[in-house]
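The block underneath contains the structure these notes are about, expressed in structure tokens.
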Amino acid sequence: MPTRKNPPPAADRYALRYAQLRQQLQELAYFCKGTVLERRMKCGHPSCACHRHPSKRHGPYWEWTYKAQGKTVNVKLPSEAGPLYQAATQQYRKLKSLLTRLERISRTVLAAQAKQSKARRAS
């Protein structure tokens, strides 16, 4: 039967994972919160092909929506800026995910350190 290597101590595993997440944080590109949508619209002319065939709608038109001071803000973007803002909002979601994971690891390590500190004081 093959022997297993002893896993690294929990503190080392957490420190390694924390360092990996911090590295990912440093690799983030520009970011912004919100949502970017690519829209295709019908025009006001009922005889236009856009009313008969969804594939013939006008656009794409890019719109960035975000919250500021409790209010929803809509910004129409030029066509060349749409994909840039879309990538930036994806980076923002990645940032939020990384921060959540970093916080979870931090809470776990802090709880373990507090427990060790209490055990040291008791002995």
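See the values below:
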{"item": "Condition met for G44 (open to solvent by less than 80 Å² (accessible area, probe 1.4 Å), among the small types (G, A, S) and in contact with a strand residue (DSSP E or B) (Cβ under 8 Å, 6 or more places away or on another chain))", "result": "no"}
{"item": "Those residues of the range 47-57 which are closer than 29 Å to A87 by Cβ and open to solvent by 70 Å² or more (accessible area, probe 1.4 Å), in sequence order", "result": "P54, S55, K56, R57"}
{"item": "Cross-chain or 6+ apart pairs with Cβ under 6 Å, the range 66-78 first and charged (D, E, K, R), then assigned to a strand (DSSP E or B) and modelled with pLDDT of 95 or more", "result": "K76/E63"}
{"item": "Flag if R101 is under 24 Å from the mean Cα position of the chain (by Cα), exposed (fewer than 11 other Cβ atoms within 10 Å of the Cβ), closer than 23 Å to R22 by Cβ and not acidic (D, E)", "result": "no"}
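The values are calculated or read from the model by the stated rules, or taken from the named source; none is laboratory data. A quick note: this is a predicted structure, and the numbers were derived from the prediction, not measured. All Cβ positions, even for glycine, are placed from backbone atoms using ideal geometry, and neighbour counts span all protein chains on display. These area figures cover heavy atoms from the full protein model, side chains too; ligands, DNA and RNA do not enter into them. Shrake-Rupley method; radii C 1.70, N 1.55, O 1.52, S 1.80 Å.
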